[in-house]
Amino acid sequence: MKRLIIFDLDGTLLNTIADLANSTNYALEQLGINAHPLESFNTFVGNGIRKLFERALPVTVRTPEMVEKVRSLFIPHYDIHNIDKTTIYPGITELLTTLQDRGIKIAVASNKYQKASEKLMKHYFPNIQFCGILGQREGIPVKPDACIVNEILKIADAPAESVLYVGDSGVDMQTAKNGQVESVGVTWGFRPLAELQANGAQHIINKPEELVELI
């Protein structure tokens with residue numbers, strides 16, 4: 001029996017891609033840079049917003065200074081517009097409710113910055129008691145570093161062998177491996193099945209309710 005389930009956020013619990021794309025494109029256009037089509041952002045996201053901005057910027061202007069300019073425009077825009085088009089994946093609310101009712105602890109480990117991570121979880125899942133919602137914070141390495149997973153294990157007082165880590169990307173599967181916890185790849189998110197398999201997903205699920213069977 002698993003005691004703790006750690007979820008990635010973007011592409012796992014919520015489909016956030018449209019709002020991320022809109023705010024990034026807004027920042028780029030303010031700097032005179034062409035916007036990207038929505039589908040491009042599936043490969044831009046996953047490693048934190050600084051990496052998102054690096055990938056979105058043309059190589060010719062991909063400098064730390066330009067990344068910071070994009071960030072300074074993105075953050076205030078996204079803070080306002082991050083629930084405009086974001087949606088809950090089908091079956092996720094029911095899954096979280098089932099886990100909670102069974103006494104299983106639930107946490108979120110995301111490369112989304114902390115303020116946005118907390119806002120989205122509280123807005124979309126007001127009835128779920130997360131034992132931890134940890135996003136990207138200054139001075140804390142982003143996933144696939146296991147720092148964020150280790151922090152959650154301490155908060156939840158859960159040994160690694162009692163944990164499942166659930167995510168939609170290769171970064172998530174690497175994070176689980178680095179944290180020595182069991183990994184579950186989901187196929188409804190931003191990245192293809194092949195990426196999950198190539199990065200050592202121990203389990204693959206196609207619907208949220210399949211996670212209950214693993215537990």
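Sequentially through region 10-21, phi angles give Karplus couplings (6.51, -1.76, 1.60; θ = phi - 60°) of 5, x, 10, 8, 10, 8, 9, 5, 5, 6, 4, 5 Hz, Gly and Pro residues having no value and appearing as x. If only the Cβ of Lys and Arg carry +1 and only the Cβ of Asp and Glu carry -1, the dipole of the chain around its Cα centre is close to 320 debye.
Rolling a 1.4 Å probe over the protein heavy atoms gives the chain an accessible area of 45 Å² per residue. Using just its DSSP H runs of length 4 or more, each adding -39500 (n - 2.57), the chain gives a mean residue ellipticity at 222 nm of -12500 deg cm²/dmol after division by all residues. Considering only L196, I152, T63, and ranking their Cα positions along the charge dipole of the chain that arises from unit charges at the beta-carbon of Lys, Arg, Asp and Glu, the one farthest toward the positive end is T63. For region 62-184, the relative contact order comes to 18 percent (Cα pairs under 8 Å, sequence separation of at least 6). Oblate is the label for region 143-215, because a/c, from the alpha-carbon gyration tensor with a ≥ b ≥ c as root eigenvalues, is 1.5 or above and a/b does not exceed b/c.
Mind sorting out which of [x] 125; [y] 111; [z] 141 is the real volume of the Cα convex hull per residue in Å³ computed from the coordinates? Correct label is [y]. Across region 50-66, rounded Karplus estimates of 3J(HN,Hα) from the backbone phi angles (6.51 cos²θ - 1.76 cosθ + 1.60, θ = phi - 60°) give 5, 5, 4, 5, 4, 5, 7, 7, x, 4, 5, 10, 7, 10, x, 5, 6 Hz, Gly and Pro being marked x. When each of the peptides 190-197, 105-112 is scored by how many other beta carbons lie within 10 Å of its residues on average, the order from highest to lowest is 105-112, 190-197.
What is the percent carbon and sulfur in the accessible area of the chain, measuring with a 1.4 Å probe over the protein chains and ignoring ligands? Mind showing how you got there, number by number?
Numbers: 4970 of 9760 Å².
Carbon and sulfur atoms account for 51 percent of the accessible area of the chain.
Distance from the C-alpha centroid of region 173-207 to that of region 131-154: 18 Å, rounded to the whole angstrom.
Take each peptide in 34-42, 150-158, count the other Cβ atoms within 10 Å of every residue, and average; sorted highest first, the result is 150-158, 34-42. Can you give me the C-alpha center-to-center distance between region 1-28 and region 87-103, rounded to a whole angstrom? If we compute the Cα centre of each part, the gap is 16 Å. As a length-normalised measure over Cα pairs under 8 Å and 6 or more apart, the relative contact order of region 174-215 settles at 40 percent. Averaging the sequence gap over all C-alpha pairs within less than 8 Å and six or more residues apart, then dividing by the number of residues, gives the chain a relative contact order of 26 percent.
When each of the peptides 14-24, 202-212 is scored by how many other beta carbons lie within 10 Å of its residues on average, the order from highest to lowest is 14-24, 202-212.
The values are calculated or read from the model by the stated rules, or taken from the named source; none is laboratory data. Just so it is clear, the model here is predicted, and its values are computed rather than measured. Reconstructed Cβ throughout: ideal geometry from the backbone, glycine too, with neighbour counts over all protein chains shown. Each accessible area value is taken on the protein alone, full model and side chains, heavy atoms only, with ligands, DNA and RNA left out. Shrake-Rupley method; radii C 1.70, N 1.55, O 1.52, S 1.80 Å.
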